[in-house]
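These notes concern the structure reproduced below.
The values are calculated or read from the model by the stated rules, or taken from the named source; none is laboratory data. Since the structure is predicted, the reported quantities are computational estimates derived from the model, not experimental observations. Backbone-built Cβ (ideal geometry, glycine too); neighbour counts: all protein chains shown.
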Amino acid sequence: MQHFFLGKHGIFRLNRPPMWAHLREFYFVSIATSPSLTLPVFRPMIDVLLPRPSGRLSGLMADSALIITGTLVVAASARVVIPLPFTPVPITGQTFGVLLVGMLLGARRGALSLLLYLLEGALNLPVYQGGNGGIIRLLGPTAGYLWSYPFAAFLMGLLVERGWDRTPLRAAAAMLLGGIVILSMGTLWLGCLTGDLRSAILQGCLPFLPGDIVKTALAATLLPGGWKLIKVKK
């Protein structure tokens, strides 16, 4: 049982009910708390396959290696490009790589990995779609999609840390939510550039919905299947 009172200077927590709890200038309340109300935190798959070292320096080095590896995964997936004649936004494997990195590394490392990825591209490294780079890519028609990547990866990692990658249905839902973040930010940016939100939706969102369905199906199959294999090996 936890006890709180609201006074003139704010809310305070006490170990036991005060003797003056009955006075009118204070609002006193007791709240029963239970450990079951605490949300469980699950480890991302990479932490199960490659346990993080306990030492501070070794743990930091391991995290750095994973973050850099995540940028390589996204850069490799960005090489898969299918141009579309009616839109400046092509179909790429980039978004699937982004969401996968977020699910494998977790929220913080996933977001940091994608921030580093954006920095690499801004420094003209050939990591963006089709092996391109340059800071101009962060200002062009596809910039909204690029800027959405750290947010999408963070969301995916956050859902994974709540166990959403353990079952097909939740893995699919997580992938859909991540895709919504990417498509929403990309479409809004494209609409701001063109001044026509309706056209931006037609060119920057609707053509990619079938691909998102395929990515969702892959995630719903691969991630829960991976956890089953891990349990069998153990």
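Side notes on the structure shown:
- Every listed requirement among (1) out of contact with any Gly (no Cβ under 9 Å at 6 or more places or on another chain); (2) surrounded by fewer than 24 Cβ atoms within 10 Å (Cβ to Cβ) is met by Q94 save one, (2).
- For the stretch 59-79, a residue qualifies if it is modelled with pLDDT under 95 and hydroxyl-bearing (S, T, Y), and exactly one does: S77.
- Once the stretch 45-59 is narrowed to residues that are assigned to a helix (DSSP H, G or I) and free of Cβ contacts under 8 Å to residues at least 40 places away in the same chain, the residue that is nearest to G106 (Cα to Cα) is G59.
- Restricting R137, R166 to residues that are basic (K, R), over 14 Å from the mean Cα position of the chain (by Cα) and within 20 Å of V214 (Cα to Cα) narrows the list to R166.
- Within the stretch 128-153, being part of a helix (DSSP H, G or I), at pLDDT 90 or above and not hydrophobic (A, V, I, L, M, F, W, C) holds for R137, G144, Y145, S148, Y149, P150.
- Among the residues examined, L123 qualifies as over 20 Å from K215 (Cα atoms) and in contact with a helix residue (DSSP H, G or I) (Cβ under 9 Å, 6 or more places away or on another chain).
- The C-beta contact set for the stretch 84-112 (first residue at positive phi, second residue aromatic (F, W, Y) and surrounded by 22 or more Cβ atoms within 10 Å (Cβ to Cβ), distance under 8 angstrom, 6+ apart or interchain) is empty.
- Residue within the stretch 119-135 that is among the hydrophobic types (A, V, I, L, M, F, W, C), more than 20 Å from S77 (Cα to Cα) and crowded, with 22+ Cβ neighbours inside 10 Å present: no
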